[in-house]
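Participant: Please read through the structure below; I'll follow up with questions.
Read the figures in this text as sums done on the coordinates, not as results from a lab. Note that the structure is a prediction, hence the values are computed from the model and not measured. Virtual Cβ from ideal backbone geometry, glycine too; neighbours counted across all protein chains shown.
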Amino acid sequence: MKVWKYGDSINTDMLFPGKYCYTCSTIDEIKPHLLEDLDANFAKEVKEGDIIFAGRNFGCGSSREQPVLGLKAFGIKAVVAESFARIFYRAAINQGLVLIENPEAVKAYTGSEEVSLDLEKGELFVGDNKFTFPPLPPEIKAIAEAGGLLEYTKKKLKEQK
Amino acid sequence: MAPTFSEKALAQKSGKESVVPGQIVTVKPDHLLMHDNAAPITSKITSELDEYGVVSNELPIIVLDHVIPAASEKTAINHQKIREFVNKFKIKNFFDIGEGICHQVVVEKGLGLPGKLILGSDSHTCSYGAVGCFATGIDRTEAASLLLTGETWLKVPQSIRMTLKGKLKPPVASKDLILHIIGDMRADGATYCSVEYHGDVKSLSIEDRFTIANMGVEMGAKNSAFPVDDLTKNYFDTIGVSSDSYKPVWADSDAQYFLEKEYDLSEIEPVVAFPHTVDNVKNISEAKGIYVNQCLIGTCTNGRLEDLSAAAKILEGRKVDSSTRLLILPASSKIYQEALDKGIIKSFVEAGAVILPPGCGPCLGAHQGALAPGEKCISTANRNFKGRMGCKDAEIYLASPATVTASALTGFISDPREVA
């Protein structure tokens, strides 16, 4: 498992350049361009279970779902950041991508510590430091448990029928 | 507790007496905005649309603006799929290419009204706060879900009160003011929050308010909000929307705020946001002399008649410097026609500017005026992120229409107070 560490205000153009927004729509078209202008190695080397650590305001900028779809498809276990921009945060909830907002955990990671994550218990270990994160509010948890917003909506529509 | 604008608006929209920040409420938006992304959105739910249909054909507003006219077969097919969807489900509010940029069209067509709730699959949906509408951005999947159900959840935001004092000193513009505020607040200073503008807002035109509200998301805000006053009512009168068709909402005078800030408009000077973040704001004096290969006036931030008129006034029969190029992007067909009637377009063409069709143009780097490595562009748009205009090795500087025009005349970033 590798930890990818980035700085503050990683915006949606860095995560997925706008010029591909209307030409790349399938997940296979999206994946090679993920983080293209930020880290050219990312899309080539990322592996399932990897974690991203980042600074403040991760995902700021456009309403752009492709980075969330791409990170989820690559099997990123979680993005841990000091803070997230709100549309990105919502998009992650809707796709079931795990985001952990924890400035202390980000600061504790200097590049060499062992990192492990237990989503069930809500625990993140960075070296010997343990960080806990709260469970999702029930309204949001229901979306995550359904496997994302569209699955949640489809289930609801079937029930109403 | 006395409610803020957002607390009052969301309480009304969720059918509750009152709500508090942090509370999650279920809402039914009055409209859902989509643009060229309507095809990727509807393609997520093709079979559900066939089974259940669209919850209401009056809910969606679709405006083709991002890559118009289509730049390739792929983008042409994208538009084709959207027109098919519109016809199949008899979508009422559809605006094809050339009508304008979605955020301008929503207000111009009387859809973004005071007291309404609009969710849009675009981050600059927050623009309609200019006319007292609660409006915020969502992602594509949520837009798809809304098409089927018509409802979603929103977390009630904390509110920030910005008190504006005095008047701007032309050619200092509302763009300078909002860039100054973002430089002060930083790119995440208002994250998850609602930003309300109070004080001497009467000195700001509806167009000024649009520019300010539009850029709320650049400091992380969920939405922006201006009070509805005589200027707002006059604006709606001019576009044929009577005041009976909307019900303004505003904060109580003793509402509680998470943060309060005050800005003296008379002290604001021309500023420039340096690459590659919108909050990297510096006084024009620090930018003077930086060469620019391209100058862009337009976009959903600054493509309105006052912006174009301010630019034409500075050009005054002069030519764009041969070392640079000036692109003009009216925000809508209506604005384009008004600019034609007033001779503004003529003065642009005579100055050597290139007029682009009313749409997003090069702002997102997909077509029309993309940059080459090493090039620098000064733009009235709202974002200067690395790679934004199609090339990661180019630089984008953000400024007011006056500053961009002054720079087009010299080929270097210039102070409009010296060139005018």
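Participant: Across peptide A:76-86, what mean number of C-beta atoms from other chains lies inside 10 Å of a residue's C-beta?
Facilitator: On the way: counts 0, 0, 0, 0, 0, 0, 1, 4, 4, 7, 13.
For peptide A:76-86, the averaged partner shielding equals 3.
Participant: For A:Leu119 and B:Lys165, what does the FRET efficiency come to when R0 = 56 Å and r is the distance between their Cβ atoms, rounded to the nearest 0.05? Let's see the in-between values first.
Facilitator: Values: r = 49 Å, r/R0 = 0.88.
So, using R0 = 56 Å, E works out to roughly 0.70.
Participant: Please check: in the Gaussian network model of chain B (C-alpha springs, under 10 Å), which one of B:Pro114, B:Pro69, B:Pro60 has the largest mean-square fluctuation.
Facilitator: So, out of B:Pro114, B:Pro69, B:Pro60, the one fluctuating most is B:Pro69.
Participant: For the pairs B:Lys165/B:Lys222; B:Lys175/B:Lys282; A:Lys156/B:Lys16; B:Lys175/B:Lys261; A:Lys161/B:Lys92; B:Lys109/B:Lys334, note any where the Cα-Cα span goes beyond 20 Å. Please list the in-between numbers first.
Facilitator: Details: B:Lys165/B:Lys222 24 Å; B:Lys175/B:Lys282 13 Å; A:Lys156/B:Lys16 23 Å; B:Lys175/B:Lys261 18 Å; A:Lys161/B:Lys92 26 Å; B:Lys109/B:Lys334 10 Å.
Check vs 20 Å cut-off fails for B:Lys165/B:Lys222; A:Lys156/B:Lys16; A:Lys161/B:Lys92.
Participant: Something else about it: Length gain on complete extension for the stretch B:Glu269 to B:Lys319, per 0.36 nm per residue less the alpha carbon to alpha carbon distance?
Facilitator: Details: separation 50, 0.36 × 50 = 18.00 nm, distance 2.56 nm.
Separation in residues times 0.36 nm, less the Cα-Cα distance, equals 15.4 nm.
Participant: Additional query: Report the Stokes-Einstein translational diffusion coefficient (µm² s⁻¹, integer) for chain A, Rh taken as the Kirkwood radius over Cα pairs, at 20 °C with viscosity 1.002 mPa s.
Facilitator: Numbers: Rh = 16.3 Å.
Estimated diffusion coefficient is 132 µm²/s.
Participant: In terms of Cα to Cα distance under 20 Å, which aspartates and glutamates are near enough to A:Lys47, apart from those fewer than 8 places away along the same chain?
Facilitator: Of all the aspartates and glutamates, those that pass the test against A:Lys47 - Cα under 20 Å, at least 8 places apart if same chain - are A:Asp28, A:Glu29, A:Glu36, A:Asp37, A:Asp39, A:Glu113, A:Glu114, A:Asp118.
Participant: Counting only C-alpha contacts under 8 Å and six or more residues apart, can you give the relative contact order of the range B:270-419 as a whole percent? Intermediate values should be presented prior to the final figure.
Facilitator: On the way: 370 pairs, mean separation 51.3, N = 150.
That works out to 34 percent.
Participant: Test of understanding: express the Cα radius of gyration of the range B:351-405 as a ratio to 2.2 N^0.38 Å, with N the residue count. Working shown, then result.
Facilitator: Details: Rg = 10.9 Å, N = 55, 2.2 N^0.38 = 10.1 Å.
Compared with the compact-globule rule of thumb, the range B:351-405 sits at 1.08.
Participant: Using 0.36 nm per residue, how much length does the chain from A:Lys130 to A:Ala40 gain when fully extended, once their Cα-Cα distance is taken away? Don't skip to the end; give the middle numbers.
Facilitator: On the way: separation 90, 0.36 × 90 = 32.40 nm, distance 3.16 nm.
Separation in residues times 0.36 nm, less the Cα-Cα distance, equals 29.2 nm.
Participant: Please average, across the residues of A:53-63, the number of beta carbons from any other chain that are within 10 Å of each residue's own beta carbon, and give a whole number.
Facilitator: For this peptide, the per-residue mean of nearby foreign Cβ atoms is 6.
Participant: If you take each beta carbon of peptide A:148-155 and count the beta carbons of other chains within 10 angstrom, what is the mean?
Facilitator: On the way: counts 2, 8, 8, 0, 2, 13, 7, 0.
Across the residues of A:148-155, the mean count of other-chain Cβ atoms within 10 Å is 5.
Participant: Per q in 0.13, 0.14, 0.17 1/Å, what log10 I(q)/I(0) does a Debye calculation on the alpha-carbon atoms of the range B:5-263 return?
Facilitator: Listed by q, the Debye log ratios stand at -0.83, -0.95, -1.32.
Participant: What spacing in nm lies between the two simple spin-label points modelled at A:Lys141 and B:Thr238, each 7 Å away from Cα in the Cβ direction?
Facilitator: So the two model labels end up 5.3 nm from each other.
Participant: Another question about this same structure. Grab the Cα-Cα distance for B:Asp50 and B:Ser18, subtract it from 0.36 nm times how many residues apart they are, and report the gain in nm with one decimal.
Facilitator: Numbers: separation 32, 0.36 × 32 = 11.52 nm, distance 3.81 nm.
Separation in residues times 0.36 nm, less the Cα-Cα distance, equals 7.7 nm.
Participant: Taking chain B as a Gaussian network, where each spring joins two C-alpha atoms under 10 Å apart, which residue of B:Ile97, B:Ile345, B:Ile45 fluctuates the most?
Facilitator: Between B:Ile97, B:Ile345, B:Ile45, it is B:Ile45 that shows the largest mean-square fluctuation.
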